[in-house]
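Quick notes on the structure that follows.
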Amino acid sequence: MGLAAKFIVALVVAFALSVAFAHEEVSESQTNLPDPVSMIYYTLWISGLATAASVVFKLNRTEKKVVFILIAFPVAAATLYLAADTVYLNISSESGGPVHWHADYEIWVCDKKLDLIDPTGFENRIGSPVFHEHNDDRIHVEGVLVRVRDANLESYFEIIGGKLSDSGLSYPTDSGTVSANNGDLCNDKPGKLQAFVYKTSGNRYHQQKIADFPHYVLSPYSQVPPGDCIIIEFGEEKNKSDKICETYTIAISKGDLK
C-alpha cells in the first residue's frame, strides 16, 4: 500500500475513532445507535475525503481499490442502516407509521393576539420536521410518532423555542419573547393562563375548557375542522372563550358546522 492510501486510511480511522468516542457521551435519554442524519453526515465525510484524495494523489491500481472500498462500504452501510431504521421506527411506533395531523391555534395575552416568529431559510418552518408551524397559526404533526402522547402542547411549545405550563407561558415572536405567568397583571387585574378547544362531532361543534392543557394531545385529523381549534388565553379567569379560529368561522358560515 502506497503512502497516499495509507494517509487516507489513517484519516478515516482517526475520524471513526472520534465518532465512536463522541457517541459514548450520548445521554441516557437518547438511543445507543447513531441517528440517521449523523449516518448521512459520516458517509458524506468519508466518501468526500476518499474522493478528494484520489484526485490529489496519483494512485496505482491497488490504491484505487482501497479508495473505492472506502467510498462504497460507508454508502452501502448507511443505506442499509437507514432502511432498517425506517422499518423499525414504523413497526415500533405507537402511531403505526407516519401521521399527518393538523390543529389550528391562537395565543392571546391580555386581549392581544400573538404571532409566532416568522420562519427563515429554505425549510420555511419553526420547529422540527415532525412538529412545526409554517407561519399559518397551525400546528403540523407530520411523521412517525414513537409515542402519541408526545404530540401535546407542552412539547410543541418547547420545540418552537417557547415554554408552556399550567402556570405560565413564553412565546417567541418577531418582537421578542412574550411571557405571562399566573398572577401577572392583565388590564389591571391578576391574570390566569387558560386553554379552550373546539371539537367536532359529525357536523356539530362544541367548545370545552382544557384542564391539563400542557399535556393535551392533538386530535388525529389532517383537515381543520374536524381537527382542533385551540385557544390559549392569559387574562381574567372564565369558563368559555369568545375567540375562535378562522377555519371554524368559515365552516360555520358555510353551514358545514352547526
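The values are calculated or read from the model by the stated rules, or taken from the named source; none is laboratory data. Keep in mind it's a predicted model, so treat the numbers as computed, not measured. Positions of Cβ are generated from backbone atoms using ideal geometry, with glycine treated the same way; all protein chains shown enter the neighbour counts.
Observations on the structure shown:
- G183 over 29 Å from P98 (Cβ atoms), in the same structural domain as D137 (by TED's automatic domain parsing) and in contact with a Pro (Cβ under 6 Å, 6 or more places away or on another chain): yes
- Out of E133, E142, sole residue that is crowded, with 17+ Cβ neighbours inside 10 Å and at pLDDT 85 or above: E133
- When segment 210-258 is limited to residues that are crowded, with 17+ Cβ neighbours inside 10 Å and of a type in the set (S, T, N, Q), the one that is farthest from V178 (Cα to Cα) turns out to be S219.
- Test: residue in segment 226-235 that is in contact (Cβ under 8 Å) with a residue 60 or more places away in the chain and acidic (D, E): yes
- Only one entry in G121, G97, G127 is surrounded by fewer than 18 Cβ atoms within 10 Å (Cβ to Cβ), at pLDDT below 95 and in contact with a helix residue (DSSP H, G or I) (Cβ under 7 Å, 6 or more places away or on another chain), namely G97.
- Flag for Y198 being in a loop (DSSP other than H, G, I, E, B), touching a residue at least 24 places away in the same chain (Cβ under 8 Å) and assigned by TED's automatic domain parsing to the domain that holds D137: no
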